[in-house]
Amino acid sequence: MKKILFFFIFLFSCSNQSTIPKPKAFFYNELTEPNYINYNSNCGYSFFVNSKNDLDSENCNIKIINSSLNSTIYLSPILIENNFNLIDSDFKKKINENSSNAFSVNVSEFNDLKNKVFAKYYSFTGNAPSNTRFYITDSISVYLTGSLYFDSKPNYDSLLPSIYLANNEIRKMIQTFKWK
């Protein structure tokens, strides 16, 4: 009797349809063309920023929040008091820590001698916690550090279009940066 019952269960449980697990899906962002406006900080500088971003400033620390990309650019000023080399080496140490999960690090520099704006920009390829880090300085009094973070698990492949757009905004910020 048990063999017959087992045979019927086996016979009716078999089907020609195979079940395929649902693949993982990633969030799709509808990317729009940025519209830049001039942002004048009370902390002695100005730059162009996407008008769709929200800016939050507290004690000269600025958060540039892009809700459509779920990203935030953090800007923090450090006053230079005969310690430029120490500040710069601390920044490079953070770059090395951040690059441990990256495949490669691309570096570019921006120098505007007329406006005394000197910047270095690090872009990380791979699942790094921060996809972009940069600094802007006048090399005399202020060293402004910046970093880009996304409000999601680092997955470089799915974040690549958002990283590309955010990096363009950071480049625009650096190229239009002016000290007051």
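The values are calculated or read from the model by the stated rules, or taken from the named source; none is laboratory data. Because the structure is a prediction, the values reported are computed rather than measured. In this analysis, Cβ positions are derived from the backbone assuming ideal geometry, glycine residues included, and neighbour counts consider all displayed protein chains.
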Where residues in region 69-103 are part of a loop (DSSP other than H, G, I, E, B) and among the aliphatic types (A, V, I, L, M), which of them is surrounded by the fewest Cβ atoms within 10 Å (Cβ to Cβ)? I80
Please verify whether region 104-111 includes one or more residues that are touching a strand residue (DSSP E or B) at 6+ places or on another chain (Cβ under 6 Å) and buried (at least 17 other Cβ atoms within 10 Å of the Cβ). no
When you scan region 142-159, how many residues do you find that are at pLDDT 85 or above and surrounded by fewer than 16 Cβ atoms within 10 Å (Cβ to Cβ)? 1
For region 126-137, state whether one or more residues are farther than 18 Å from K63 by Cα, part of a strand (DSSP E or B) and not polar (S, T, N, Q). yes
The conditions are (1) in a loop (DSSP other than H, G, I, E, B); (2) among the hydrophobic types (A, V, I, L, M, F, W, C); (3) at pLDDT below 75, and F12 fails exactly one of them. Which is it? (1)
Is it true that D138 is in contact (Cβ under 8 Å) with a residue 40 or more places away in the chain, within 23 Å of L86 (Cα to Cα) and surrounded by fewer than 20 Cβ atoms within 10 Å (Cβ to Cβ)? yes
So, first residue within 15 Å of T137 (Cβ to Cβ) and modelled with pLDDT of 90 or more in region 80-109, second residue of a type in the set (A, V, I, L, M) and assigned to a helix (DSSP H, G or I), Cβ within less than 7 Å, six or more apart or across chains; the pairs are I80/I87
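Residues in region 57-79: is at least one on the phi > 0 side of the Ramachandran plot, without any contact (Cβ under 8 Å) to a residue 12 or more places away in the chain and of a type in the set (S, T, N, Q)?
Scanning region 57-79 turns up at least one residue that is on the phi > 0 side of the Ramachandran plot, without any contact (Cβ under 8 Å) to a residue 12 or more places away in the chain and of a type in the set (S, T, N, Q).
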Please determine whether any residue of region 116-132 is at pLDDT 90 or above, out of contact with any strand residue (DSSP E or B) (no Cβ under 8 Å at 6 or more places or on another chain) and loosely packed, with under 15 Cβ neighbours inside 10 Å. no
For region 159-172, does any single residue satisfy the condition of being closer than 23 Å to C60 by Cα and in a loop (DSSP other than H, G, I, E, B)? no
